[in-house]
Amino acid sequence: MSRYTIVSAIKTLDTLFAFNTAVPLSVEEIGQRTEQSRNQAFRCVKTLEEYGLIAERDGGYVLTPLLLTLLPALRHDPLLSVAEPYLRELQNRTDETVNLIVRLNQKETIVLATYPSHHSIRLVTKVGQVALLHAGAVPKAILAFSEDEEREVILSMTEFLPSYTEHTVRDATTLRTELAQTVERGYSVSDQDFEPGARGVGAPIFNRAGIPIGGISVGGPVIRVTEDQMHEWGAVIRETADKISAELGWFGGYQDTVPLEKSKEDLS
């Protein structure tokens, strides 16, 4: 942590981002989610309440509409501006739900934008949805192309991470193999490991330094999306993600990332 970092501010922000559920949270639950003592969590809660970002409801605390004032700024996010035309083209091409997801912190991602399928039965994704890096198309794509040290931190704690479905991989060896395959082909596969009945593929977006800062995915219900179709989409979504990365200043594509070279050595 930088010497310029205000630790108490970090704890307060951790508390704010603990509200990734529509269910009111108690101080005890917030403390557990943020790994803070009850006293520290209580002070953070009261700070956010005083500012108007959260309010007490139904025996717990919930977010207030004040956060919605940030949406206009979010819509002008440079990544969203660059990615939007590519994502709309991808959605038209596949007629399945397409998502733009960014890395929120070392362990999580958040949905920045979603372009839903026109089918009556479709994959529904909510803007603002948070996911850990061990499951889901884009989270696993980001994890696969992260630096070794960052990736190993997540792999070391897989058994303690949540099972979103019965297909969520929580074995480090199995997940490590899957991530190596993701690096080799340039896209990840999510087969009901994040949401029951949903399949999709994801590819990473890199900044000018070749660091995965987010990714894009396309997915749909298993009754319509076959395994063969996912791999057909894989090449398309990988190419699309590389085009977005190039506009952000990374011209190497996924093949020129450092983690890829390391993973190839691991596979040999």
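A few comments on the model shown:
- Once the range 190-234 is narrowed to residues that are among the hydroxyl-bearing types (Ser, Thr, Tyr) and in contact with a helix residue (DSSP H, G or I) (Cβ under 6 Å, 6 or more places away or on another chain), the residue that is surrounded by the most Cβ atoms within 10 Å (Cβ to Cβ) is SER217.
- Residue match in the range 222-239 (condition: basic (Lys, Arg), under 18 Å from GLN181 (Cβ atoms) and without any contact (Cβ under 8 Å) to a residue 60 or more places away in the chain): yes
- Residue match in the range 159-166 (condition: buried (at least 17 other Cβ atoms within 10 Å of the Cβ), modelled with pLDDT under 95 and not aromatic (Phe, Trp, Tyr)): yes
- Of all residues in the range 117-147, those being without any contact (Cβ under 8 Å) to a residue 24 or more places away in the chain and touching an Asp or Glu at 6+ places or on another chain (Cβ under 9 Å) number 1.
- Taken over the range 116-158, the residue count meeting the criterion of being at positive phi and surrounded by fewer than 24 Cβ atoms within 10 Å (Cβ to Cβ) is 1.
- Counting only strands (runs of 3 or more DSSP E) wholly contained in the range 54-167, the ones carrying 3 or more residues that are in contact with a strand residue (DSSP E or B) (Cβ under 7 Å, 6 or more places away or on another chain) and outside the structural domain of ALA241 (by TED's automatic domain parsing) occupy 60-63.
- Total residues in the range 56-67, condition more than 17 Å from LEU13 (Cβ to Cβ) and either among the aromatic types (Phe, Trp, Tyr) or loosely packed, with under 15 Cβ neighbours inside 10 Å (or both): 5
- Some residue of the range 76-96 being within 25 Å of the chain's Cα centre (by Cα), farther than 28 Å from GLY249 by Cβ and surrounded by 13 or more Cβ atoms within 10 Å (Cβ to Cβ): yes
- Test result for SER156, small (Gly, Ala, Ser) and more than 21 Å from PRO196 (Cβ to Cβ): yes
The values are calculated or read from the model by the stated rules, or taken from the named source; none is laboratory data. Quick caveat: nothing in here was measured; it's all calculated off a predicted structure. Here Cβ is always computed from backbone atoms with ideal geometry, including for glycine, and neighbour counts include all displayed protein chains.
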